1. Among the residues of segment 68-86, write down those that are in contact with a strand residue (DSSP E or B) (Cβ under 7 Å, 6 or more places away or on another chain), farther than 18 Å from residue 46 by Cβ and assigned to a loop (DSSP other than H, G, I, E, B).
2. Are any of the residues in segment 255-263 under 17 Å from residue 199 (Cα atoms) and crowded, with 18+ Cβ neighbours inside 10 Å?
3. Could you check segment 68-102 and list, in sequence order, the residues that are at pLDDT 90 or above and either touching a helix residue (DSSP H, G or I) at 6+ places or on another chain (Cβ under 8 Å) or not assigned by TED's automatic domain parsing to the domain that holds residue 56 (or both)?
4. Working carefully through the options 140, 156, find the one that is without any contact (Cβ under 8 Å) to a residue 60 or more places away in the chain and outside any strand (DSSP E or B).
5. For segment 102-116, what are the residues that are crowded, with 18+ Cβ neighbours inside 10 Å and closer than 30 Å to residue 183 by Cβ?
6. Go through segment 9-21 and report how many residues are within 23 Å of residue 46 (Cα to Cα) and modelled with pLDDT under 80.
7. Determine whether segment 266-279 contains at least one residue that is over 36 Å from the mean Cα position of the chain (by Cα), modelled with pLDDT of 95 or more and either surrounded by fewer than 16 Cβ atoms within 10 Å (Cβ to Cβ) or in a strand (DSSP E or B) (or both).
8. Can you tell me which residue is surrounded by the fewest Cβ atoms within 10 Å (Cβ to Cβ) among those in segment 186-199 that are at pLDDT 95 or above and part of a strand (DSSP E or B)?
């Protein structure tokens, strides 16, 4: 062991932010383990990393006792007092012992500890970086699909889109560029595990925030999202300034903004509707593109009874009930739709 190790430790502290003192403590623990393994000693020993020379020093430790039962770990009070009159029962007496051949072992151990600490630091930095981005959108490249799990390269670390977080209609191919929602970041023995989602409503929300400056600036607010990933979504928006057109801001010139989001979601249909504090108006808007004749809300039952023209009934309900289902999810009300002819019957 030489001053080279000290230089490395100081460099790591400066460049990687790894405390030299933490490294030294880890080195001492690892070198103690290596010493015991190599020399097989039954003594109670301590290994000290010399902060000045970078050399390992080994000390035998014995406790002062009245009657010795283990000479390698204990020293009689009478003998201890001869060494130093101030010693008393329970004190620990140390003396340095030669450790021939230990230098090479210590050097190897130091290298292993440094590499381990570097890996730990790197994993911690990755964890902290992505933990801060939970609930955000990241962009990566599909590197492979294993057992149904899509593995995405995120710049030196991999993210995982589990089967339940994938859109059924989407096919993921190697080298595909992909935006995904950071669902959760977990600490594991092998490093941070970054779980991604393509189905979460938060993905749609963040895409709107990224694409629409008025939303980023707080001029337009997203008040609700109902999503059936890969098929259709409804997004309720509200302008916080009277002169701002919330729908126009989200749609963009000739639909450019919403189309960019639709393209990212591989064709998912998006209805942008205007939020209203009047639940009757909100329900009518939520059933867009259907035209509604009348809405009656029964608050205590959380039900909205909707009357539509006969020719609008199928449009209001939607294919397989999708339009009505999304409107109910968006408004938080059970939506009961009837045609005018049925309502008058």
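The values are calculated or read from the model by the stated rules, or taken from the named source; none is laboratory data. Computed from a predicted structure; not experimentally measured. No Cβ is skipped: glycine too gets one built from the backbone with ideal geometry, and neighbour counts run over all protein chains shown.
1. Across segment 68-86, the qualifying residue is only 68.
2. yes
3. Hits for segment 68-102 are 87, 88, 89, 91, 93.
4. 156
5. Correct list: empty.
6. Final tally of qualifying residues: 3.
7. yes
8. Taking the candidates together, the pick is 195.
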